[in-house]
Every structure is written in C-alpha cells, then in structure tokens.
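Trainee: Next up is a structure, given as structure tokens.
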Amino acid sequence: MNFLEERIQKDGIVKEENVLKVDSFLNHQMDISLFRQIGEEFKRRFADVPINKILTIEASGIGIACIVAEYFDVPVVFAKKSKSINIEGEMYVAEIESFTHKCKNQVIVSRKFLNPEDHVLIIDDFLANGCALQGLISIIGQAGATVEGIGIVIEKGFQSGGRIIRNLGYHLESLAIIEDMNADTGKIVFREQ
Ligand code: 5GP
C-alpha cells in the first residue's frame, strides 16, 4: 500500500451512495505534510511533461492544487462555481453536475488566465463519474490550451469516470484507486497499481 492508501484505510469513512469521507485529512481538515507527499508524487509522475499552469475546481481542489503547484513552480487557476450569468465573452463556461450535491453548477474561468500557449495539469481530489473533469477539459479546449495531464488524489475505480477519461486518451494518474468499498463493513479495497 502506498502512503495515501494507508491513510485512506486508517481515516477514510465509507458512506452510503458510494461516498468516501476524507474530512479529517483532505476535504475539511487538511494534512499539509500529506499534501506535500502528494505534490512530490505528482511531480515524479509528470516529470517529463511541460506544464506551465495547474487548473482545479473550487472548493476542495484548491488546497491540494496549491501545494502541488509548489513542486511544479507554476500558478494555479481554479474554476469558480457561479450562479450569475456569464458576461458574454469574458469567461469560459462549463456545466458540471456535482456528484456529492446532486445539482448542476456553472463553472467559469476568466479568459485572462487561460490561453492557447498554456500547457495545463488538471488536479482534483476525487474522480467519480468524470463530470468535473469533463467540464475542466472543455474549458481548456475553449481556451485553445493543451491538457498535458490529469492528477487525481482518489479515483473510485468502480465508477465510470476513470475509464471514460482514459479512453479519451488523456494521461490520467490517480494516486489511489478504490476498486470496491462497503458502507456496512467499512471495508475498502484498492486496485493494484
Ligand atoms: P465526478 O464529477 O467525477 O462525478 O465527481 C468528482 C467531484 O465530486 C470531485 O470534485 C469531488 O469534489 C466530488 N466527489 C465525488 N465522489 C466523492 C466522494 O466519494 N467523496 C468526496 N468527499 N467527494 C467526492
């Protein structure tokens, strides 16, 4: 088991409806020394990739992306969840269905912060059905920028997102992939990587 799988096994709580709670170290209280290990590992996995920007989505991706960015020495842009109507022309916009909140959000990124010269690493905490990633990929496409890679902290491998994104040909690295988890027993099984 890697450092992250060990931590998930120790402190992760399996909830109903395929939700894993990792509030004590990732999503609410944040363990920054763990985040540094995550940053180091992404830097190792994307060592030869030319990356000049990291893109994530608010809220829980931001903290992780900022620490990861230290290892790449690049700025972080986060897609903002927005209820207001896009001011035509100023923003890239994508519609994302939230897995945890079961609602649709418009997310926006200002045109000022993504352009065709950008080589982007997408970072997020979880991958479930892949909606968040598809929205971020769409925004990068609108900007004419390049998706150089996608770094996910926890992929739920029994949901469809990982397969969809890999089939689209993206370089996706997930630090822990959960093959199966059970809310009754609390058992979590990881995919061998
Ligand atoms: P997707 O768009 O891939 O269906 O879901 C990814 C997003 O939903 C992530 O950005 C994450 O915030 C949230 N998410 C999905 N599954 C889980 C989960 O099991 N636990 C937590 N804490 N968040 C999740």
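Trainee: I need the calculated FRET efficiency for the pair I62 and E192, taking r as the beta carbon distance and R₀ as 25 Å, to the nearest 0.05. Walk me through the intermediate numbers first.
Mentor: On the way: r = 31 Å, r/R0 = 1.23.
Efficiency, rounded to the nearest 0.05: 0.20.
Trainee: Averaged over all directions, how much area does the convex hull of the C-alpha atoms of region 106-175 cover when projected, in nm²? Before the final figure, lay out the partial values.
Mentor: Working: hull surface 17.9 nm².
Dividing the Cα hull surface by four gives the mean projection, 4.5 nm².
Trainee: For q = 0.20 Å⁻¹, what log10 I(q)/I(0) does region 1-109 give under the Debye formula with an equal point scatterer on each alpha carbon and no solvent?
Mentor: The computed values of log10 I(q)/I(0) come out as -1.17.
Trainee: Dipole magnitude of region 68-182 about its Cα centre, charges +1 at Lys/Arg Cβ and -1 at Asp/Glu Cβ only, in debye to the nearest 20? Let's see the in-between values first.
Mentor: On the way: 10 positive and 15 negative charges, 100 e Å.
I would put it at about 480 debye.
Trainee: How do R111, R191 rank by accessible surface area computed with a 1.4 Å probe, from largest to smallest? Walk me through the numbers on the way to the answer.
Mentor: Details: R111 110, R191 75 Å².
Greatest to least solvent exposure: R111, R191.
Trainee: Say R0 is 25 Å: what FRET efficiency, to the nearest 0.05, do D23 and R44 get from their beta-carbon distance? Walk me through the intermediate numbers first.
Mentor: Numbers: r = 27 Å, r/R0 = 1.08.
For R0 = 25 Å, the calculated efficiency reads 0.40.
Trainee: Computing the accessible area with a 1.4 Å probe over protein heavy atoms, can you report the carbon and sulfur percentage for the chain? Display every interim value, and only then the final one.
Mentor: Values: 4720 of 9780 Å².
The C+S portion of the solvent-accessible surface of the chain is 48 percent.
Trainee: Sticking with this structure for a sec: Using only Cα atoms, find the angle between the long axis of helix 60-72 and the longest principal axis of the chain, and express it within 0 to 90 degrees, rounded to the nearest 10.
Mentor: 80
Trainee: A follow-up question, please. How much accessible surface area, in Å² rounded to 10, belongs to the heavy atoms of L133 with a 1.4 Å probe?
Mentor: Accessible surface of L133 is approximately 0 Å².
Trainee: Compute the separation of the alpha-carbon centres of region 1-79 and region 89-143 and state it in Å as a whole number.
Mentor: 17
Trainee: Just how large is the dipole of region 1-102 about the Cα centre, in debye to the nearest 20, putting +1 at every Lys and Arg Cβ and -1 at every Asp and Glu Cβ?
Mentor: Details: 13 positive and 17 negative charges, 17 e Å.
The dipole magnitude comes to about 80 debye.
Trainee: How much accessible area per residue does the chain have, counting only protein heavy atoms and a probe of 1.4 Å, in square angstrom?
Mentor: Working: 9780 Å² over 193 residues.
So the chain comes to 51 Å² accessible per residue, rounded to a whole number.
Trainee: With a 1.4 Å probe and all protein chains in place, put I122, I32 in order of accessible area, largest first. The partial results should precede the final answer.
Mentor: On the way: I122 0, I32 70 Å².
Ranked list, largest accessible area first: I32, I122.
Trainee: Roughly what percent of Cα-Cα pairs across the chain reach past 19 Å? Write down the numbers at each step before the final one.
Mentor: Numbers: 10683 of 18528 pairs.
So the pairs more than 19 Å apart make up 58 percent of the total in the chain.
Trainee: Within region 9-23, list the residues whose amide N lies under 15 Å from a label point set 7 Å along Cα→Cβ of A183.
Mentor: Only 13-22 pass the distance filter.
Trainee: So, one more: Quick check for the chain: number of Lys pairs with alpha-carbon distance under 19 Å, counting only pairs 8 or more apart or on different chains?
Mentor: Counting lysine pairs in the chain gives 22.
Trainee: By how many nm would the segment from S138 to M30 lengthen if fully extended, with 0.36 nm per residue of separation less the alpha-carbon distance?
Mentor: Working: separation 108, 0.36 × 108 = 38.88 nm, distance 2.88 nm.
Gain on stretching S138 to M30: 36.0 nm.
Trainee: A further question follows. Report the net charge of residues surrounding V76, where surrounding means a beta-carbon distance below 13 angstrom and charges are Lys +1, Arg +1, Asp -1, Glu -1.
Mentor: Details: positive: K53, K80; negative: E58, E70, D73, D118, D124.
My count for the surroundings of V76 gives -3.
Trainee: If the only charges are +1 at each Lys and Arg Cβ and -1 at each Asp and Glu Cβ, what is the size of the charge dipole of the chain around the Cα centre, to the nearest 20 debye?
Mentor: Numbers: 21 positive and 28 negative charges, 64 e Å.
Taking the Cα centre of the chain as origin, the dipole is about 300 debye.
Trainee: Which residues among region 157-193 fall inside the zone where the amide N is under 18 Å from a point 7 Å beyond the Cα of I13, along Cα→Cβ?
Mentor: 181-188
Trainee: To continue, here is another question. If you take the charge dipole of region 1-65 about its Cα centre, with +1 on Lys and Arg Cβ and -1 on Asp and Glu Cβ, which of L26, I54, I13 is farthest toward its positive end?
Mentor: Farthest along the dipole direction, towards plus: I54.
The values are calculated or read from the model by the stated rules, or taken from the named source; none is laboratory data. Keep in mind the model is a prediction, meaning the values are calculated, not measured. Cβ sites come from the backbone with ideal geometry, for glycine too, and all protein chains shown count toward neighbours. The accessibility values were calculated without ligands, DNA or RNA, using every heavy atom of the protein model including side chains. Shrake-Rupley method; radii C 1.70, N 1.55, O 1.52, S 1.80 Å.
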